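Below is one structure, written out as structure tokens, with a few remarks after it.
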Amino acid sequence: MRAHAHWNAGQAAQAEQLCQRVLAVAPGQSDALHLLGLMAHAYGKLDLAIEHLQAACRAPQAPAAYHANLAEMCRQHGHLAEAEAAARRAVALDADLVAGWNNLGIVLQEIGQFDESRRCLERVVALQPDSAEARNNLGNTWRRLARFDLAEACYREALACKPSYAQAHSNLAFLLSTQGRLDEAAAEARLAIDLDPHLIDAYLNLADVESARLAPAAALRTLDMLGAFAPRHPGALIARAKVLCQFERPDEALVVARDALALAPQVADAHLTHARVLQALGQTAPALDAYARAAELPGALREQAMLGRAMLLLEAGHGDEAQAVYEATLAAFPGSVGALAGRANARRFTRADDPDIALLEAFVADGAQRARPERITARFALGKAWLDLGEAARAFAHFDAGNRLKRASLVYDPAATRAWMARIGAAFASARLDGANAPRSELPVFVIGMPRSGTTLIEQILSSHSQVTGAGELPALRHVLEAHSAAHAPYPACVATLDAAQLARMGEDYLARVEPLAQGRARLIDKMPANFIYAGLVPHILPGARIVHVRRDPVDTCLSCYTRVFSGDQRFSYDQAELGAFYGDYARLMTQLRESLPADRFIEVDYEDVIDDLEGQARRLIDFLGLPWDAACLDFHTNPRVVRTASVSQVRQPLYRSSKGRWHAHAAHLQPLLAALAAAGVKTHADTTHGDAP
């Protein structure tokens, strides 16, 4: 009792001395051990706290509350199985112990047993109807059960009980973010931080909101604020690794992800994040292992880990194994939208009564009860399914709904984009750049064009050559430009300020970034389609580099964009009118740049010509690369390289003609797109030169 009194008075040293005196006389005395555990926990010594609590709970007469506290400390440490066992002992000893049911409900949340978690937490609410904490915790379980309406009601009830409850504001922020209500989510997260500047979850939720807004700098600033007082918090490190990876800084992300993994080796999210970073770096085998480890650990992330592993297997050309993982995911998580959509994109539907269609239709019928990202995924999967079945009206009803949902979550200004592209064209029309000192390496080959124009197909054909490495969509050129223009002006204004020495350094920097990826081969394909905006700069920083511009029928290109959800930043793609306008901006810019690009280092290839004459176009491209012919280029679909684009399934198949001119069958559903293309001066008839504006 004296020890407790000292502890309550803030006199930790005296409290510890008295506890040790008790234990000297009565080793294993549970009250003294329990108090020592509480003190260790308060000072951040979680391992020592758990050790003391475990010893306290071994006493035959240890109260139920001690087991409940042990459960919470084990949960905080990621020892979920031990946490569950301790919480179950607590409620078995005292069926009316609120803390026991509460801690058991939270542990069950984290291991994915949501229905039992709900029952536990509903019992807590019944025992303490005025408890804001109880309603907040129940809201968390409803959220994980995808009952977002009930979750939001619980959070708001918690805040009605306790308006200054920072954790409930933070959880409401997370919920609103999943529904695409990003402005509301950011406001709630910031309010939570104002109420409790040390609430870690609030910073993590605000960083998630900024990531969803595609604002990496803002997300990292938020995590920097968190790092100021919790620099080694595993959740903070995991969040930072995710942001760095999402915004194409995987090398930095890997360092942070490994730090998080060292701190939290039993946390599934640490392994899942590690897997995604390894995948981004092209380290397929270790990424598959990391996904498997994440799926084995207890927690609510098993479904995500299994889906990530399936997608990586698809990228690596292991379609049968990927389908097996999708099947296993659906067995473990019936109705998993990610698994249904993944399977839909990897196969062709042949029956309107396909059970996957029924499951997806039932999902979208739930409306706002489901998370916005999953609703978007389901809509696009259904659009693809009905398009397979020739039901265009049904298909486009889903595509239109999915695109509206996606567009509503993005900030995009078409007029600003048009003005920016016009400035790029003008900058190179007037530039007098001196690239005489730039490196003459012939290693880089840039494959550029609109998304879904056939760039992946061209890369797959070229990388099937024994002297060519396909490196995928590299952010290297953009990163080089950002690094070397930061002290001058943003692109394209910086073009006028670049001197010969700076241009040479930019080329050297680019080569330093990509040469390790070439695997000793003579050519490396950098297939970032959006590099067309930097095409005018390439001859001045890398005069030996080659540029392959891939073109496809404008409407087919835009239709293919409109019917896909992109993982990257393609904000122009989710509204037909904006998509058509962007295509016009792109076509005008390429018309301007075409005049200034050196003829021996620039070639254009039309997707339709490749479909009609694969060997002729492949020989033309290999000759352009200055390499001897390799017949393996004709068997590109057997190339085992990893393909990380929306075209992953198509490039595993031989060429097929059904993708040529496919828009004509759907013209009735593409009127906003056709009108926008016409307004932009883009020709859309099959007998015109593909992709050119007048």
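Rule-based calculations on the coordinates, nothing more; no lab input. Quantities reported herein were computed from a predicted structural model and do not represent experimental measurements. Cβ: placed from backbone, ideal geometry, glycine included. Neighbour counts: every protein chain shown.
Amide H contacts of Gly544 (H built 1.01 Å from N, in plane; Pro and chain starts excluded): Ser441 sit under 5 Å, all sequence-distant by 5 or more or on other chains. Per the Debye calculation on the chain with a single equal scatterer at every Cα and no solvent contribution, log₁₀ I(q)/I(0) for q = 0.05, 0.07, 0.11 Å⁻¹ amounts to -0.29, -0.55, -1.19.
If the label point is 7 Å along Cα→Cβ of Ala512, which residues in region 206-220 have backbone nitrogen under 13 Å from it? Correct set: none at all.
Relative to one another, the C-alpha centroids of region 331-387 and region 16-55 are positioned 53 Å apart.
What GluC sites (Glu not before Pro) does region 557-628 have in DSSP loop regions with at most 14 other beta carbons within 10 Å? Answer by residue number: Glu595. So how far, in whole Å, is the C-alpha centre of region 126-199 from the one of region 600-620? One Cα centre to the other: 56 Å.
For Glu604, the residues whose amide H sits under 5 Å from its own are His549, ignoring neighbours fewer than 5 places away on the same chain, with H placed 1.01 Å from N. Axis angle, to the nearest 10 degrees, between helix 476-485 and the longest C-alpha principal axis of the chain: 90 degrees. Here is the list for region 151-246: chymotrypsin sites (Phe, Trp or Tyr not before Pro) lying in DSSP coil, each with at most 14 other C-beta atoms within 10 angstrom of its C-beta, are Phe229.
Along its principal axes, region 72-231 has C-alpha extents of 50, 31, 25 angstrom, given from the largest down. By the Cα gyration tensor, region 148-192 has an equivalent ellipsoid whose semi-axes, rounded to whole angstrom, run 16, 13, 6 from largest to smallest. The distance between label points at Ala300 and Asp115 comes to 1.8 nm (points 7 Å beyond Cα on the Cα→Cβ vector). Across region 545-560, rounded Karplus estimates of 3J(HN,Hα) from the backbone phi angles (6.51 cos²θ - 1.76 cosθ + 1.60, θ = phi - 60°) give 6, 10, 10, 10, 9, 9, 10, 8, 2, x, 6, 4, 4, 5, 4, 5 Hz, Gly and Pro being marked x.
The angle between the Cα long axis of helix 268-280 and the main principal axis of the chain comes to about 10°, on a 0 to 90 degree scale.
Cβ-Cβ distance of His4 and Ala408, R₀ of 60 Å, FRET efficiency by 1/(1 + (r/R0)^6): the value works out to about 0.65. Rounded to the nearest 20 debye, the dipole size of region 415-679 about its Cα centre is 320 debye, using +1 on the Cβ of Lys and Arg and -1 on the Cβ of Asp and Glu. Seen against the Cα atoms of the chain and their longest principal axis, helix 284-296 is set at about 30 degrees.
Ignoring the sites themselves, what is the longest stretch of the chain with no trypsin sites (Lys or Arg not before Pro) in a DSSP loop and at most 12 other beta-carbon atoms within 10 Å? The answer is 441-694. Taking θ as phi - 60° and the Karplus parameters 6.51, -1.76 and 1.60, the scalar couplings of region 82-88 work out to 5, 4, 4, 4, 5, 5, 5 Hz in sequence order, x denoting glycine and proline. Ranking Ala362, Thr591, Leu281 by Cα position along the charge dipole of the chain, where only Lys, Arg, Asp and Glu carry charges on their C-beta atoms, puts Thr591 farthest toward the positive end. Positive end of the dipole of the chain (Cβ unit charges, origin at the Cα centre): among Leu80, Leu226, Phe624, the Cα lying farthest that way belongs to Leu226. Placing a pseudo-label 7 Å from each Cα along the Cα-to-Cβ vector at Ala362 and Lys162 gives an inter-label distance of 3.8 nm.
In sequence order, region 504-519 has phi-based couplings of 5, 5, 5, x, 5, 5, 4, 4, 4, 6, 9, 4, x, 7, 6, 6 Hz under the Karplus curve 6.51 cos²θ - 1.76 cosθ + 1.60, θ = phi - 60°, and Gly or Pro positions carry x. Cβ-Cβ distance of Ala393 and Arg432, R₀ of 56 Å, FRET efficiency by 1/(1 + (r/R0)^6): the value works out to about 0.55.
For the set Lys242/Lys683; Lys384/Lys683; Lys384/Lys527, the pairs lying more than 31 angstrom apart at their alpha carbons are Lys242/Lys683. Computed from the C-beta positions of Glu252 and Val25, the FRET efficiency with R₀ = 51 Å rounds to 0.40. Residues whose amide H comes within less than 5 Å of that of Thr469, counting only those at least five positions distant or on another chain, are Arg523, Leu524, Ile525 (H built at 1.01 Å from N in the peptide plane).
Computed over the chain, the per-residue total of -39500 (n - 2.57) for DSSP H runs of n ≥ 4 gives a 222 nm mean residue ellipticity of -19000 deg cm²/dmol, rounded to 500.
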